[in-house]
Every structure is written in structure tokens, then in C-alpha cells.
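What follows is a set of notes on a single structure, which appears directly below.
The values are calculated or read from the model by the stated rules, or taken from the named source; none is laboratory data. In this text the structure is predicted, and so the values were computed from the model without any measurement. In this analysis, Cβ positions are derived from the backbone assuming ideal geometry, glycine residues included, and neighbour counts consider all displayed protein chains.
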Amino acid sequence: MISRREFLQVSVATGALLGTAGSGAWTALAARQGLMSEAELLAFPEFGNVTLVHLTDIHAQLKPIFFREPSINIGVGEAAGKPPHVTGKEFLELYKIEPGSPEAFALTYEDFAALAKTYGRMGGIDRIATVLKSIRADREGRVLFLDGGDTWQGSYTSLKTQGADMVEVMNHLEPDAMTAHWEFTFGIDRVREIVDNLPFAFLGQNIFDNEWDEPAFEAYKMFERGGSKIAVIGQAFPYLPIANPRWMFPKLSFGIREQNVQQNVDAARAAGADVVVLLSHNGFDVDRKLASRVTGIDVILTGHTHDAIPEPVIVDKTLLVASGSHGKFLSRLDLDVRDGQVKGYKYKLIPIFSDVITPDKSMTELVDKVRAPYEAELKTVVGKADTLLYRRGNFNGTFDDLICDALLSEREADIALSPGFRWGTSVLPGQDITVEDIYNATGMTYPAAYRSEMTGARLKEILEDVADNLFNPDPYYQQGGDMVRVGGMGYAIDVSQTIGNRISDMTLLKSGEPIDPQKTYIVAGWASVAEATEGPPIWDVVTSYIKRVGTVQGKPNQSVLVKA
Amino acid sequence: MELNRREILALSGGSIACFALGVSAVSTPALASATDERIKAFAGDAELREGRISLTAPEIAENGNTVPIEVKVESPMTKDDYVSEVMVLADGNPMPGVITFLFSPMSGEATATTRIRLATTQNVIAVAKMSNGSVFMEKKNVKVTIGGCGG
């Protein structure tokens, strides 16, 4: 039997680093401390004739936020040890970034809370507007602005307005195309209503009607910029009907549909495309595999897994760009396109330091307008954070521990399960926890906090299944988010094993007893994909708990033992 | 929010977790030998070869109760050289046999699609027999998951 104290979350040995080595624009900036000026952040050498600007996974964050990057992000199979599965110090070494520098703060978890006080919040759609305007002014007639999806969901205001706030704000930024994931959790009727009035393309080559297997949305769109023809193919999140509630869009089928990607690439080339771009919500490892199997894609703008990588990863002849999440970064990729080919590129992952970049006035006004009806509620203080609250990482984050504690305590459960979402902002030590903070971690359309009975065997089955969705060595079999967060129970996981053999030493923490496969436990959780799940919304459970404890003491989670 | 005592202790109905249980994982899979025997009976003495047959199936089933699959066999489909039949098996179902498609030169092409039910994560196997007796096989692993958590 393993006691609570013996569960120690070990750091994961990093394998050989492969892929690109650090050599880009970040190196020059990394030697210095202190924030750069706006001009430095925006500086870009004159190059080529086409500019792609990529924003993805903003998760409805209109204002500057704190977002701590993961400490544990394990790659398996061919992705082991390669970006984005490099974190912390290894990441800084790989890309030659000075510890303690603004880039280190933006891209890694090292000293996050301390550096946050120095460098401030990141993101803010009004800052993004400024950067975008500057690029468009610099590159008139040559810019394509593409939104990778997970745009409409993730905040109090987006939930209350069913994404209307985000649609209004994004329309003001005038993207050329978008693809989607969480958008569909507003339900197919709401998606259709919005898309029918969208002044730009909503693309998804892998979205089909499941009755007749016919395309349900436009697959790709051709654009002309800088004298070149650019085909943008949309790829929505392939596992929506599995990872999110299928009943919300019952007539749609997704999937990777690799052959269909190839057919669309070929069709776009035949229609005269000089450049083919995949605007993807596959997740990085899926895109890396796709790039090695589909020919003719010049650029994949990746999304879903929220990775921020300072340089494109190159697979055969395809550039993979990873632009982070929550508005922390905007990617700029300039291409030299001649004779129907990409001859060269220059890239910059632009960090949106909100204290440095001047907000765009018209956008600030628009954000203030859409938030105004909710401002009093958003600002309401519920409690205080004693330590850093964050979510992102393969296993438990402190915000999830808080949610699990709330479920255990408010619902008198033995064990709590909280989904491994990658979205959710961070709260610094000493900061108030507001209603806005709680919704940033919980705001979605199937929030019912259930209370149910499960056998030990069933719990094991669930953990094994989720672990296989995350650590299957074949990325095409990976789906959904990070590992399910568990409260009240410890376990050990060996990610290198196969399904059924990864999880061991499941222990009920309150008694120290091993989990009995035959015994029934009371389990509380939220975000069930089953229709008509009963229970109060999770934000009410969390609010009620925080009100009761006042100050939240987040402790490092020591109940998951990771072997890799 | 204030939950009263009865609400605090109320158990939710229905299938739960982050995970809706689409398909029961509890089923007795066919013995591997049953699948092998079916293939052997189908192929006779012919060697099982790779190529010519392609099987399209999702990597992960969206709904285990109705999984779309497609089989396609390269063949000129002339009276001297055609695909005579294609057998589809699911090696993790209680009964591995799914369907056998029969073709003739009149078929024009050897392509068929259908939807099948899969009890659990397993291999879907398609075996094609040509008019000259040669046999080609392809296998795809289809995962039937009890669900994932968002992303």
C-alpha cells in the first residue's frame, strides 16, 4: 500500500532533443532583461510577398491575462522529447532563452509567479488589434489573418452571450477565415446562426453530415495576396463527438479524414494555388504525423494543444506553426512565393506583453461595450488565492485541485474527477479570486456537477481510457485534453505502457486504503458528455466552496506518481 | 448557491463521468481463433497478401453502435480478372462475422460501404478474394472509447 506521503510527482526525464534547434529571432532578444519596446516587438525584416497572421485558442479572453505554461507535457512515440514536449529549463536551453527574461516568462512555467509581477499580463484583444493593424499597414494587400478556433468559448461573457461578444470583437479584427472546436458546444443551431452571418469563411474539410456523409461546411477557400494564390483548408477538431457532447450536434461527423485532406490539397493545387495552408485544430502531434503523410501542404497553422513554439517545426517540406493560446501570442509568417512555390520564410512568434503594446482605442471601446452589462458581476470578489492557481499540464494543476476540493467538500464525495481541459487562466499568489476567474476555468455549456456511484474497477477503466487518449503512441488515436484530474484518490501512471496497464496503486487518500475494484465509491465530477446530466453548475459549487474557505491554499499535488 | 442537505447527497441519474458510456465494454469477444478460422475457411490454401485492398474506418469511433467503413479493391473487373467477394470481420465482437460482399465483372468496381457495430476497441479486417483465387487482406484498429474530456 502506498501512503499519501509516498506519492511524489517526479519530474519526467527528457529524451534526446530532436527537431529544430534554437537559432531564431528570439535568441537575439533573449540576452537582455526587461521588456522590449513596442517597436522591438513589432520589428520584422522586409521579406517575401505573403504574410500569414495566426491567432488561435484565444478561449474568449478579451482582456490581458496570466497563463502559466505547463511544467509536465510528455510526448510519447515519435513525439517523445520533441517540441512541444519540452518544458521549463530544457525549453529555455533548446531555444537559447535567458532564464528570467520576458521570453522565459511568456513561454515557460519557471518562476512564473515572480516573473508575472515583473512583466505583467499578456494578451488583450485590443493589443492584438494594434499588432494586426501595424502588420497590415506594413504589408498592405499581402496579409491573410487566420483564426484557428476555440475562439467563442471560455469566459463569463462568452457564456452569457453564447459567443456573441467574441463574434462581434473578431468581426472587428476582420479575419479571412476560421475553423472550430468548442464553438460547437453552443449547439449546432447557434453555430449555424452565427456562421450564416459571418463576414468571413468558416472552414472545416473534416465536418460531414453523418447521415449521407456529405460535407457540412466549406472545405477550403482560395485567396489572392501579394500576387500569389493561397488556398486555406480548414480542419476542425477531429474528435468533437467523442470529447464533447455529441448530442449538441447530433447530425455531424468529424474525424481526421487524412485522405480527404490530400484530396483537398490536390484540388487546391489543380485550381492554381501557389501556397497551401492547413488552418488546423488537430493538435500538434496529430499535425506532425499528418504533415509526414499528406503531400503538398506548405504551412500548417496548428492549434488545440495550446503550444507556443518560437520557431516553426519543419516536417519534410511543411512548416508547422504553434501560436500558443489565450491571446498570449500572435504568429507572423512571411513567405517568399515565386513560380508557384514557397522559396523561403521568416517567422516571429510575437508575445503580446500588455504593458508594452498600446491598446487599439476602437477595440478597447468595443471590449468595454460588450463587457459593460456584466462588469459588476465579473469584478465580484469571491475569495483570495494564497498560492498560484493554474491549470495547464498533463496532470493536476492547482486550479483543478481547487475544483476537486470543492467537489469533494460541497458534495460529500470520496473521489472527485475534473476534466483535463487545456483552457483556463492563472491567478497569482495574493490575488483576489473573482467571478471572472472562476468562469475562466469553468465557463462552458455542460457544467452540471454530478454525484454518482462507481466501482473501483470502473474508476480504473476511466483512468486507463483517458490515459490512452493522451498517451497512445500513435497521435491519430489521441483525442481530447490532458489527463483527467483526480481528487481524493492517488495513483501511479506509467505512460509507456498500453491501455489497461498504465494505471496502478490507486489509493483512497482519506483512508490510505487501496481502491477495491469491487467496492462502490461516491464520485463527484463535472462536464459529463452524457445528455441530461443532473447537478448544480460547477461554478456554483466552486463559488460556494471558496466563499466558505476564504483564502485558497493551493499545495503542490503529490498524489500522482508519474513514470515515463 | 446554497445546496441543501438533500441536494448535497443526491445521486445523479444516468450514465455519468466525464464520459458517457456509449457502448458497454462488457461483452465476450470472439475467440481470436474464431476469426482466424473464418479467414482460413475463406482463403482456402491461398496465401494472405497485402495491397490492392483498402479499408477505410475512423481511428476512433464517434459512436460504436454505427461505425462507417468502406472497402475498395483495385481490379480491372473484367471477366478474366475481377474481385469475387470481400469478407469483413470484427475480431472483438461476440461474433466476428460482419458481412460478405459479392461482386461480378458486371459490378464495374469493387467498392462497398456500410456501417457496423463494434462492441469494443478491436480490429476490423477486410479480406478480398480474386477470380484467380488470390487473397488480399487489410486490417484497421478502431478504438471505441468510453469518452474523453474536452480539450
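Structure above, values below:
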read-out	value
Every residue from region A:356-412 that is part of a loop (DSSP other than H, G, I, E, B), more than 18 Å from A:THR425 (Cβ to Cβ) and not aromatic (Phe, Trp, Tyr)	A:VAL356, A:ILE357, A:THR358, A:PRO359, A:ASP360, A:ASN394, A:ARG411, A:GLU412
Inter-residue pairs, beta-carbon under 6 Å, first surrounded by 14 or more Cβ atoms within 10 Å (Cβ to Cβ) and in region A:187-200, second assigned to a helix (DSSP H, G or I), 6+ apart	A:GLY187/A:MET248; A:VAL191/A:GLU183; A:VAL191/A:PHE184; A:ILE194/A:VAL167
Filtered residues of region B:1-30 (kept if facing another protein chain (nearest Cβ under 7 Å), under 24 Å from B:THR120 (Cα atoms) and either at pLDDT 90 or above or surrounded by 17 or more Cβ atoms within 10 Å (Cβ to Cβ) (or both))	B:SER15, B:ILE16, B:ALA17, B:CYS18, B:PHE19, B:ALA20
Filter pass, A:THR434 being farther than 21 Å from A:ALA492 by Cα, in contact (Cβ under 8 Å) with a residue 40 or more places away in the chain and in contact with a strand residue (DSSP E or B) (Cβ under 8 Å, 6 or more places away or on another chain)	yes
Meets criteria (assigned to a helix (DSSP H, G or I), closer than 21 Å to A:ASN244 by Cα and touching a Leu at 6+ places or on another chain (Cβ under 7 Å)) for A:PHE105	no
Those residues of region A:92-122 which are more than 18 Å from the chain's Cα centre (by Cα) and under 30 Å from A:VAL286 (Cβ atoms), in sequence order	A:LEU92, A:GLU93, A:LEU94, A:TYR95, A:LYS96, A:ILE97, A:GLU103, A:ALA104, A:GLU110, A:PHE112
Of the criteria (1) within 21 Å of the chain's Cα centre (by Cα); (2) crowded, with 20+ Cβ neighbours inside 10 Å; (3) closer than 28 Å to A:LEU378 by Cα, which one A:THR445 fails	(2)
Filtered residues of region B:92-110 (kept if over 16 Å from the mean Cα position of the chain (by Cα) and not in a loop (DSSP other than H, G, I, E, B))	B:LEU102, B:PRO105, B:MET106, B:SER107, B:ALA110
Tally, over region B:65-111, of residues that are surrounded by fewer than 19 Cβ atoms within 10 Å (Cβ to Cβ) and aliphatic (A, V, I, L, M)	6
Condition check for A:LEU173: surrounded by fewer than 23 Cβ atoms within 10 Å (Cβ to Cβ), away from chain B (no Cβ under 14 Å), more than 22 Å from the chain's Cα centre (by Cα) and modelled with pLDDT of 95 or more	no
Boolean, B:PRO76 is within 30 Å of B:THR145 (Cβ to Cβ) and over 10 Å from the mean Cα position of the chain (by Cα)	no
Unique match (being at pLDDT 90 or above, touching an Asp or Glu at 6+ places or on another chain (Cβ under 9 Å) and not in a loop (DSSP other than H, G, I, E, B)) among B:LEU55, B:LEU89	B:LEU55
Check on B:SER33, within 23 Å of the chain's Cα centre (by Cα) and either under 18 Å from B:VAL142 (Cα atoms) or modelled with pLDDT under 85 (or both)	yes
Test: A:GLU168 is of a type outside the set (Val, Ile, Thr), in contact (Cβ under 8 Å) with a residue 40 or more places away in the chain and either assigned to a helix (DSSP H, G or I) or assigned by TED's automatic domain parsing to the domain that holds A:SER280 (or both)	yes
Qualifying positions in region B:111-139 - assigned to a strand (DSSP E or B) and in contact with a Pro (Cβ under 9 Å, 6 or more places away or on another chain)	B:THR113, B:THR114, B:ARG115, B:ILE116, B:GLN122, B:ILE125
Matching residues, region B:58-86, being within 14 Å of another protein chain (Cβ to nearest Cβ) and in a loop (DSSP other than H, G, I, E, B)	B:PRO58, B:GLU59, B:ALA61, B:GLU62, B:ASN63, B:GLY64, B:ASN65, B:THR66
Selection count, region A:430-466, where residues are more than 8 Å from every other protein chain (Cβ to nearest Cβ) and in a helix (DSSP H, G or I)	15
Helices (runs of 4 or more DSSP H) wholly inside region A:205-324 containing at least 1 residues that are surrounded by fewer than 24 Cβ atoms within 10 Å (Cβ to Cβ)	A:258-270, A:284-293
Scope region A:190-204; condition within 24 Å of the chain's Cα centre (by Cα) and either outside any strand (DSSP E or B) or aromatic (Phe, Trp, Tyr) (or both); matching residues	A:ARG190, A:VAL191, A:ARG192, A:ILE194, A:VAL195, A:LEU198, A:PHE200, A:PHE202, A:GLY204
Odd one out for A:TYR239 among (1) within 14 Å of another protein chain (Cβ to nearest Cβ); (2) in contact (Cβ under 8 Å) with a residue 60 or more places away in the chain; (3) hydroxyl-bearing (Ser, Thr, Tyr); (4) in contact with an Asp or Glu (Cβ under 7 Å, 6 or more places away or on another chain)	(4)
When residues of region A:476-521 are limited to those that are surrounded by 15 or more Cβ atoms within 10 Å (Cβ to Cβ) and free of Cβ contacts under 8 Å to residues at least 12 places away in the same chain, the one farthest from the other protein chains (Cβ to nearest Cβ)	A:GLN497
Residue that is surrounded by the fewest Cβ atoms within 10 Å (Cβ to Cβ), among those in region A:408-430 that are in contact with an Asp or Glu (Cβ under 8 Å, 6 or more places away or on another chain) and of a type in the set (S, T, N, Q)	A:THR425
